[in-house]
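To start, the structure itself, in structure tokens.
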Amino acid sequence: MLYLGLDSSTQSLTAVVLEVEGDRRRVVFESSFNFDTELPRYGTRHGVLPSPDPAVAVSSPVMWAEALDMMMTRVSGSGLDISRLAAISGSAQQHGSVYLREGAAERLAELDPGKPLAPQVEEILSRGVAPIWMDSSTTDECAEIAAKVGGNDVLAQHTGSRAFERFTGPQIRKFYKQDFPGYSSTGRIHLVSSFLASLLAGQHAPIDTGDGSGMNLMDLATFDWWRDALDATAPALDVRLPLIAPGWVVVGQLSRYWQARHGLPPAKVIAWSGDNPSSLIGTGLVREGRVAISLGTSDTIFGLMREPRIDRTGTGHVFGAPTGEYMGITVFKNGSLARERIRDAFGLTWSDFSRALAMAPPGNENRILIPWFEPEITPDVPTPGIRRFDLSADDVPGNVRAVIEAQQMALALHSHWMGVKVSTIHATGGASANREILQVMADVFDADVYQFEVGNSACLGAALRAFHADAVSEGRSVTWDEVVAGVTEPLQSTRVRPDPARHAIYQQLMQLYAACEAHALGRGPEPRRPT
């Protein structure tokens, strides 16, 4: 059977078709296109509509609908035996919200297959744009919501995160405050994921627990909307939100629109999720103790959690996982940017960078760099600026090793709240090709590190979730280990083993790094260098 996974990211739409025959899983089709390039008439830049206010980031739901229509043309013309398509699921950028008019459900059910999707979707929007995860214009709304529920600690205990500007609840509150007539005319508020699932099914789709937990509105204990948060956000919000459902729920089947317009079968439509929860499956993190570290524009660490442990510092997040459990995630803004700044400051190539890293000893003789080249979110650092402790600014090997060690120690330090003993790390992102960096990662965490080369883990995760949900709906028993078998294992040849002696060095250095970070934040005295 064939299973289609879709991923609507900030900048692009990707499709993966997974073929499952017995114990074999293989990707038989993959396609992607960039919104800016393929749909220039919407005027987006990197998938975002230009705004004179740098804090505002919105995009076009109509563009996403047109992209979905275009991608289904590619899928139906792929040469695959499309009649074997059993189920479809997807992932989308988290936190973004789409606002539909009263009566949208009837219009979704009556989409005309003889007409393009985009103009039909435009008619049912009560708000022409969708605020997305990059928006940081809701600081006031965050404070208001937190105050009404008893503070950020209370909010995090219930929803998994303190109030964040990019989260959906504060964005909804801002819309209610600034455009009350528009809010009043809104019959349903979807996430990007549930909006696109609704277009496929021709009816309102639920929000899954993974994406719902990125809204500051869902109670982690009950996997249902938390009444106090709803009341603190906007009036009558409960009647405007979809139901919450597990990620393996069958929403419906592909509506008549898709069958008649693209010749697709009545495949099952599975609840969509957010890109982070879907990536959890796409990287094979279905057991506690396995984590992924993405070394990209931002550095990110995430993994499965059996219980919803909360980050008391307010920087980490707890989301629902597609397995029915939880996932922890912490994001650092100064990722590849910081590495590039150090490289460029000394006029190095990446090969030079690797050689310089090897020249300085592990632990860097207790020399520390705090690489906040840009405002940081973990920890919260609104004013950027690098800090050096016992480190000369012109020491090339020292600064190269210092930035890598600082990033890896920050990843370890700020993921302790997850309460997970890390045994295996799947490393992704551009810098994961550098084995010297991976050796520092292995030594800091005392864990085996593997390079992981999945092109789009969120999209692959969506296809695997479609397979799992199809099996569950048919009454077939399948474990998550069986679901991901054969397609999410990293190459054994890329294994990087930790060195016990170097790990001992980093255990001591971690204490010094934490003291340096606290001092840089104004929360502690200037640290003393160990003698």
For region 264-361, what size does the Cα cloud have along each of its three principal axes, sorted from largest down, in whole Å?
-> 56, 44, 21
Given a 1.4 Å probe, the accessible area of the chain per residue, as a whole number of Å², is 38
Apply the Kirkwood formula to region 45-85: the hydrodynamic radius equals the inverse of the mean of 1/r over all pairs of different alpha-carbon atoms; give it in Å with one decimal.
-> 12.7
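With the Cα gyration tensor of region 450-495 giving a ≥ b ≥ c as the square roots of its eigenvalues, does the rule (a/c under 1.5 for rounded; else a/b larger than b/c for prolate; else oblate) give rounded, prolate or oblate?
The shape class here is oblate.
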Shape category assigned to region 146-214 from the gyration tensor of Cα positions, a/c cut at 1.5 | oblate
Note the angle between two axes, namely the Cα long axis of helix 168-178 and the longest principal axis of the Cα atoms of the chain, as a number of degrees from 0 to 90, rounded to the nearest 10.
-> 70
Specify, per residue and in Å³, the volume enclosed by the convex hull of the alpha carbon atoms belonging to the chain.
-> 147
Please give every one of the lysines within straight-line cross-link reach of LYS333, meaning a C-alpha to C-alpha distance under 28 Å, and leave out same-chain neighbours fewer than 8 residues apart.
-> LYS174, LYS421
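Just for the chain, what percent of DSSP beta bridges are antiparallel, to the closest 5?
70
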Let a ≥ b ≥ c be the square roots of the eigenvalues of the Cα gyration tensor of region 146-284; is it rounded (a/c under 1.5), or, if not, prolate (a/b larger than b/c) or oblate?
-> oblate
Could you give the angle, 0 to 90 degrees to the nearest 10, between helix 350-359's Cα long axis and the longest principal axis of the Cα atoms of the chain?
-> 40
Filter the trypsin sites (Lys or Arg not before Pro) in region 291-320 down to the DSSP loop ones having no more than 12 other Cβ atoms within 10 Å, then list what survives.
-> ARG312
Net charge near GLY128: determine it from the other residues with C-beta under 15 Å of the C-beta of GLY128, scoring Lys and Arg +1 and Asp and Glu -1.
-> -1
Counting only protein heavy atoms, what percent of the accessible surface of region 105-239 is carbon or sulfur at a 1.4 Å probe?
-> 50
The value for region 38-109 (convex hull of the alpha-carbon atoms, volume per residue, Å³) is 151
Label points 7 Å out from Cα along the Cβ direction at ARG107 and SER423: separation in nm?
-> 5.2
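The values are calculated or read from the model by the stated rules, or taken from the named source; none is laboratory data. As the structure is a prediction and not an experimental result, all values here were calculated from the model. Backbone-built Cβ (ideal geometry, glycine too); neighbour counts: all protein chains shown. These accessible areas exclude ligands, DNA and RNA; they are computed on the full protein's heavy atoms, side chains included. Shrake-Rupley method; radii C 1.70, N 1.55, O 1.52, S 1.80 Å.
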